[in-house]
1. May I ask you to list the residues in the stretch B:2-27 that are of a type outside the set (S, T, N, Q) and facing chain A (nearest Cβ under 8 Å)?
2. Based on what the data block shows, is B:Leu328 more than 24 Å from B:Ile56 (Cα to Cα), touching a helix residue (DSSP H, G or I) at 6+ places or on another chain (Cβ under 8 Å), hydrophobic (A, V, I, L, M, F, W, C) and in a helix (DSSP H, G or I)?
3. Taking A:Ser63, is it away from chain B (no Cβ under 11 Å), over 16 Å from the mean Cα position of the chain (by Cα) and farther than 25 Å from A:Ile376 by Cβ?
4. Can you find even one residue in the stretch A:68-78 that is at pLDDT 95 or above, buried (at least 20 other Cβ atoms within 10 Å of the Cβ) and more than 9 Å from every other protein chain (Cβ to nearest Cβ)?
5. For the stretch A:83-134, enumerate the residues that are within 8 Å of chain B (Cβ to nearest Cβ), farther than 19 Å from B:Leu99 by Cβ and part of a strand (DSSP E or B).
6. Pairs, please: C-beta under 9 Å, at least 6 apart or cross-chain, first residue assigned by TED's automatic domain parsing to the domain that holds A:Ser209 and in the stretch A:229-247, second assigned to a loop (DSSP other than H, G, I, E, B) and among the polar types (S, T, N, Q)?
7. Any idea how many residues of the stretch A:372-409 are free of Cβ contacts under 8 Å to residues at least 60 places away in the same chain and either at positive phi or assigned to a helix (DSSP H, G or I) (or both)?
8. What about B:Gly30, is it touching a residue at least 40 places away in the same chain (Cβ under 8 Å) and within 12 Å of chain A (Cβ to nearest Cβ)?
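The values are calculated or read from the model by the stated rules, or taken from the named source; none is laboratory data. These numbers come from a predicted model, not from an experiment. Here the Cβ is made from the backbone with ideal geometry for all residues, glycine too, and neighbour counts use every protein chain on show.
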Number of protein chains: 2
Amino acid sequence: MRQSQLFAKTLKTPPKDELSKNAALLEQAGFIHKNISGVYSYLPLGFRVLKNIMQIIREEMESLGAQEVLLNALQDPELWKKTKRWEDKDLDVWFRTELKTGTQIGLASTHEEPLTDMMSHHINSYKDLPTYVYQFQTKFRNELRAKSGLMRVREFIMKDLYSFSRTEEELEAFYEQCAIAYMRIFDRVGLGDKTYRTFASGGAFSTFSDEFQTVSDAGEDTIYIDEDKNIAINKEVFTDETLQTLGLHKKTLKEKRAIEVGNIFKLGTKFSEALGLTFTDEEGKHKPVIMGSYGIGPGRVMGVIAELYHDEKGLAWPEAVAPFQAHLMCLSSKREAVQARADALYEKLQSFGIGVLYDDRQSATVGEKFKDADLIGIPYRLVLSEKTKDKIECKARTEKEARLIDEEELIGLFKK
Amino acid sequence: MRQSQLFAKTLKTPPKDELSKNAALLEQAGFIHKNISGVYSYLPLGFRVLKNIMQIIREEMESLGAQEVLLNALQDPELWKKTKRWEDKDLDVWFRTELKTGTQIGLASTHEEPLTDMMSHHINSYKDLPTYVYQFQTKFRNELRAKSGLMRVREFIMKDLYSFSRTEEELEAFYEQCAIAYMRIFDRVGLGDKTYRTFASGGAFSTFSDEFQTVSDAGEDTIYIDEDKNIAINKEVFTDETLQTLGLHKKTLKEKRAIEVGNIFKLGTKFSEALGLTFTDEEGKHKPVIMGSYGIGPGRVMGVIAELYHDEKGLAWPEAVAPFQAHLMCLSSKREAVQARADALYEKLQSFGIGVLYDDRQSATVGEKFKDADLIGIPYRLVLSEKTKDKIECKARTEKEARLIDEEELIGLFKK
């Protein structure tokens, strides 16, 4: 896209009211806009990153054999009363509202109840199981205090996956498969090295749940990492008893601040029993379906990437999620020949399927263009000028030195 | 996808509580699930159709040069007070709720206010204009009575596009471009023949707005069509004066029931003045930006397609939006050779990028498979059995007769 057309502008300085690094950077670079505390809009560059993250997650969900659906935000309290999650004392993030008829309804912060109810219309027999259902859907959470930029917000898209199994073994097998898919997602978006599968508190059904925690000083959680085993344990379950159960030793654990980027739960029969989701087994017996739930917030993932991938000049996106792959600019608007070469290169790169932000702004100075490129953080900056002659000056955002390369080499860069 | 894996099942009979044909058919065929009155979930087949419609709309928005964003549902009343749309007497579909802090907020039914406010942070000069911004986002409308299935619901995804121009001429030019793009969208999804650009009531800024109305007995609106001119006029502005203004004559107009599938509005400076969205022109003068807004609800479009494309046996999707292109089934599960051929054909069609629903269910009878195929309405039904030998029995959903064709001819069918 031509940058002269991009409506969202960068800011000269970070916004003053953002305490968190991720939101300050993303707002300054023109990726997001703050509407009210804990509520953000995604501008074109930000939405492109969000879509890239969602696409990676979607691919991994599809490879698990999960089926995509789209559920409703507006919730019938009756379903939630059956599972005892309607009252504030049981679930304290409800936004409540009412229909014109006076009927009270709520805005979903998660979807176990409506999905379990819906599945009870489709699952009857053991032959219908196991099955896996996911969605990307907007959740609403009435957080007392929104904070940490994109980390703790009141409205956000969540990828929530639910599993429906016949036996605990079947749940267990899928749960482990999903944990592996989650690590693959975090690897692919660039968080793999710093993300640990982390034991956290369980629930009625299992001793532990698993969180995926990314090490960052911006995190709200404290975790203890065993680097050899490549796992961690959340402070909330950090007791001698737990350590013994897990075969971990205090001496080998490192305390770190971390951000939860995903979590997976064994739900067992809590929801299926309350909401009547049963199946008939091979012997004709009625049994409750055994469930699991698995969440990732793509917006939070974007925030965490911003926290980890930046320097004093701005953002530096990993290639897999970057809004564009190349940031092209022509520094010689007076010379038509150079301009024509830049236009041609812009078209050519796009014809190879390479996403290009083309800084064709006539009014911006060289300094402004370079500053914006560093702030926006596209992986490769490409400069054409009289000095570069028939070559292209290419600089990776994460490297200090630029080098002159020819077109063929340039295109090779993106074919990895 | 293998139908044995598809969790959503068809129903033997239509649901009893659905008065509208579209919802009854879509529920019976396993495309949607009703949660509460006016609130539906999309099951895998329904979500595929919705995504296809959204993709067609997105392509047309991109070709208009519009930039995709994602705005917030939770709304700060202060913005809406400035435009006098916070009170029920001015906008009567608000869902209101409040933050834990006690601050009242609302759920957006449209997005002029937050977007205009956001754009005021990015638009300064005439050089920043014109610009076009769109999103696919969930709207909430507290309708007194939800009705007509997917036509009038309380929660739905809407594609809303907004234009920001310097002059009335610039707005006018884009408005006409957008009207053409809208007709292209309705053509592509299969509604072109029955959809008319329709004069409807305007607002403060313009005498008329334009609706896109699809002729259907299920519609809530009455329109008068001039078939020669290929335009229509909504009953709400059907006066002698209007007819004269538009050069239309009562004699040549046909009265029809119709469903509004899209609408476009010239907003003028109503929102930009109230919310301070101004620009500096070439002469240094501050002027309010001139706006337009342009909406299509992909879910409603899906409902209208269901209304128009069905027969007594079920749905019959146009190819461009169908959940899959081919519905393959093997009617000879006892013969391994036939089964192997069906498996191979399933893989082969997919390798050509053809979407296939493969009815591999062991427990379903031939009659059940045929009945489901007619109900679900995928454009081509492909049958392999001992009788078909090395050929494939291919039947278009809209034709009565099946014919035997070979693989090459089959693949040719989908290459159009």
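1. Of the residues in the stretch B:2-27, the ones of a type outside the set (S, T, N, Q) are B:2, B:6-9, B:11-12, B:14-19, B:21, B:23-27.
The answer is B:Leu6, B:Phe7, B:Ala8, B:Lys9.
2. So B:Leu328 does not fit the description; no.
3. Values: away from chain B (no Cβ under 11 Å): yes; over 16 Å from the mean Cα position of the chain (by Cα): yes; farther than 25 Å from A:Ile376 by Cβ: yes.
Spelling it out, A:Ser63 is indeed away from chain B (no Cβ under 11 Å), over 16 Å from the mean Cα position of the chain (by Cα) and farther than 25 Å from A:Ile376 by Cβ.
4. No.
5. Matches in the stretch A:83-134: A:Thr131, A:Val133.
6. Filtered contacts from the stretch A:229-247: A:Val237/A:Thr207; A:Thr242/A:Thr207; A:Thr245/A:Thr207.
7. Here is the first cut: in the stretch A:372-409, the ones free of Cβ contacts under 8 Å to residues at least 60 places away in the same chain are A:373, A:380-396, A:399-406, A:408-409.
From what's left, either at positive phi or assigned to a helix (DSSP H, G or I) (or both): A:373, A:389, A:408-409.
Here the count works out to 4.
8. On the way: touching a residue at least 40 places away in the same chain (Cβ under 8 Å): yes; within 12 Å of chain A (Cβ to nearest Cβ): yes.
Yes; evaluated as a whole, the condition is true for this residue.
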